[in-house]
Each structure stands twice: as structure tokens, then as C-alpha cells.
1. Would you mind stating whether Phe274 is assigned to a helix (DSSP H, G or I), within 28 Å of Phe4 (Cβ to Cβ) and either touching a Phe, Trp or Tyr at 6+ places or on another chain (Cβ under 6 Å) or modelled with pLDDT of 95 or more (or both)?
2. Mind checking which pairs have a first residue in the stretch 117-145 that is within 12 Å of Arg226 (Cβ to Cβ) and a second that is part of a helix (DSSP H, G or I) and among the β-branched types (Val, Ile, Thr), Cβ under 8 Å, 6 or more apart or different chains?
3. Name every residue in the stretch 53-81 that is of a type outside the set (D, E, K, R) and without any contact (Cβ under 8 Å) to a residue 60 or more places away in the chain, in order of residue number.
4. Can you tell me how many residues in the stretch 192-239 are basic (Lys, Arg) and either under 21 Å from the mean Cα position of the chain (by Cα) or within 25 Å of Trp282 (Cβ to Cβ) (or both)?
5. Name every residue in the stretch 11-52 that is β-branched (Val, Ile, Thr), part of a helix (DSSP H, G or I) and either surrounded by fewer than 18 Cβ atoms within 10 Å (Cβ to Cβ) or free of Cβ contacts under 8 Å to residues at least 24 places away in the same chain (or both), in order of residue number.
6. Could you tell me how many of the residues in the stretch 320-342 are exposed (fewer than 12 other Cβ atoms within 10 Å of the Cβ) and of a type in the set (Phe, Trp, Tyr)?
7. Mind counting the residues in the stretch 277-313 that are out of contact with any strand residue (DSSP E or B) (no Cβ under 7 Å at 6 or more places or on another chain), among the hydrophobic types (A, V, I, L, M, F, W, C) and part of a helix (DSSP H, G or I)?
Amino acid sequence: MMGFLWFWLVAIMIVGYVVLDGFDLGVGVLHMFLVRTEAERKAALASIGPVWDGNEVWLLAGGGTLYFAFPLLYASAFSGFYLPLMIVLWLLVLRGVSLELRNHLDMGVWRSLLDGVFGFSSALLTIFFGAALANVLRGVPLNADGYFFLPLWTNWQPGVAPGILDWYTVIGGLVAFTALTLHGALWLSLKTSGDLEQRARNVVSPLWLILVSLTVVSLFATIAVRPASLDNYFNYPFTFAIPAGVVASLAALWLWNRKGQPLKAFLASSLYLFFMLAGACWGLYPTLLPATTGAANDITLTRAISGPHTLAVGLAWWIFGMALAVGYVVFVYSRFKGKVDAHAGGH
């Protein structure tokens, strides 16, 4: 029971990070080509200014929860995925530094450089996060001791000895890139005004069409690479409500955006991300990290979970910490209502 609970607590924290930090990553991507004036650029950045760094706390909290709840998974994943984790770390650093320094260097050439770094790092982060999830779904070449190593790529095939990048993980990266860019466009249409708001709303429809196509492609690709991901759905048919939720959220997103109701469209996009990640987690359960070298090497829930005392104490502190985090999120977003004012000054 505790294993089931902690599995979904970690999953919820990952979903929270993707939904909250996903839109400001999407704004970073759109920041490269959607804005046309300095005032619009300031408006785009101001739309995420009060929340972007707080959103990243969920990523740290998820890693910390993984550390004490599933130490074997943490040790194995953080050693085997060392190269992509270092890339992600540097992209997060570059993104934060470029966003902060832009407000302190009032020089055209430096601002252009920092804007490029911010957009480039945001785009690569969306792709790497999607590829990371695809790596977990596909499986990694785990040894009997629970460790593995992945090069950046091998032969681009998801076989016994794959790389971080292959045709399947590239599809995962493209799904994440499109979904989070769309998420960011809906956020801009919600938080900005004027021509920028209209352009953000106009870009939603083409992104939606691409996302629908990529979602279908990723579904069939996942079934081809990991047929066992359907087992839980057939064993518990009521859980087909998850893919139904994906379809319903995509339909609602298109409908509400067409009706000019950005808040409802943004919430529908959040539900799409939730159902996609929940579906991926359910397709894995109770395996945490599949092995391409044979099911005997899989890192499973029972194999990776901490002792009952650790989990009981951790649950008490988790509830306390999450109460603080949720309270902070509610407070910040409640104070950050309405459209941003690009001419108000400040951060």
C-alpha cells in the first residue's frame, strides 16, 4: 500500500512541475519568434517573472522525494542518466542567468544574446524532458546490480543497447516541445494583451494540429516499443478513462481557444499534460525503470522502495512540505491576476 501511495505521490509532483514550469518554458520558446517589439518582449517576460523560479521548486522536490522513497531508482537513474542530467542542469542555469541578467544589462547586443540563450535553453529543455520520459518508457540497459550507462546515441534504434536519443525518444521530445510551446501560447494569450495576445492565440490552432498528430504517433510508437504498457489497461478496463481524458482535453482546448476563453483553454492544456503523464505512469506500474536486458533486471516498486519507518516519517514531512508549497503557489498566483503591464517597470 505504501509503495502504491509513494509511486503516485512522486508522479503527482512530476505532473505539478510539468504543468507549472511547462508554460514558462513554452513562453521561452515563443519568446524567440512571436514577439516583435521590446515592449512585447518585456510583457512576455513579465508574464512569467513572478513565478518561473518558484515553479522549478517542484522539480527539486520531486528529486528529493525520489531520493528517500526509492533510493535504488535514484541511485541508478542519476548515475546512468548522468550526461543528460548535466545537460539539463546547464540549460536550467543558462535559462535562469539569461533571464536575470537581461534586467541588469541595458545594452542592445547583450540583450539580444541573452534573449537568444533564454529561448534556446528553454527549447532544448522541453525536448530533453520529453526524451527523458521516453527513455524511461522504452527502458535502459540495466545490469544485474541495477546500474547502466547510456551514450548520447548509438544506432538510433531502441534495442538492447540504445542511446539517450533514438527515433522513439526523439518523438517523445517533439511531443513535449509542441505540448509545452502550446501551453506557453495559451499562457501568453491569458496574461498579455494587444497584438501579442492575438498572435499567441493565432498560433494555438496550428500547434494543436501538430500536437494531435504527434500524440497519435507517440501512442503507436509506445505500443510498438513497449507492448507491456497496455497490460494494466486491459487488466483494469476502467483506466481507459485516462486516454479518453487525453482526447477530451484536446477537444476542450480547441473549443475554448476558438471561443476566445483563454483560461479554460489553458486549464484544458493542463489536463492534457496531466492525462498524458498519468497514462505513462500507469503503463509502467509497478515497474519504475524497465530494463532492455531482460525483465529480471527491471527496477520495480518492491525492489526499490525504502523501509516502512522511512516512508512513514517521510510522509509526515512530505505533507507538511507540500502544504507550504501549495500555499505558496496559491498565494503567488492569486496575487498575480489579470494582464501584465509591460510599462510598469521592475522585474
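The values are calculated or read from the model by the stated rules, or taken from the named source; none is laboratory data. Keep in mind it's a predicted model, so treat the numbers as computed, not measured. Note: ideal-geometry Cβ built from the backbone for every residue, glycine included; neighbour counts use all protein chains shown.
1. Answer is yes for this residue.
2. Ala134/Thr169; Ala134/Ile171; Asn135/Thr169; Leu137/Thr222; Leu137/Val225; Arg138/Thr169; Arg138/Val225
3. Once the filter is applied, which keeps residues that are of a type outside the set (D, E, K, R) and without any contact (Cβ under 8 Å) to a residue 60 or more places away in the chain, the stretch 53-81 yields Asn55, Leu59, Leu60, Gly62, Gly63, Gly64, Leu66, Tyr67, Tyr74, Phe78.
4. 1
5. Ile12
6. So the answer is 2.
7. Within the stretch 277-313, residues that are out of contact with any strand residue (DSSP E or B) (no Cβ under 7 Å at 6 or more places or on another chain), among the hydrophobic types (A, V, I, L, M, F, W, C) and part of a helix (DSSP H, G or I) number 11.
Residues are listed down the side, and each one gets a yes or a no for (1) modelled with pLDDT of 90 or more; (2) basic (Lys, Arg):
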| site | (1), (2) |
| --- | --- |
| Ile14 | yes, no |
| Lys42 | no, yes |
| Gly49 | no, no |
| Glu56 | no, no |
| Gly62 | no, no |
| Ala69 | yes, no |
| Tyr74 | yes, no |
| Leu92 | yes, no |
| Leu105 | no, no |
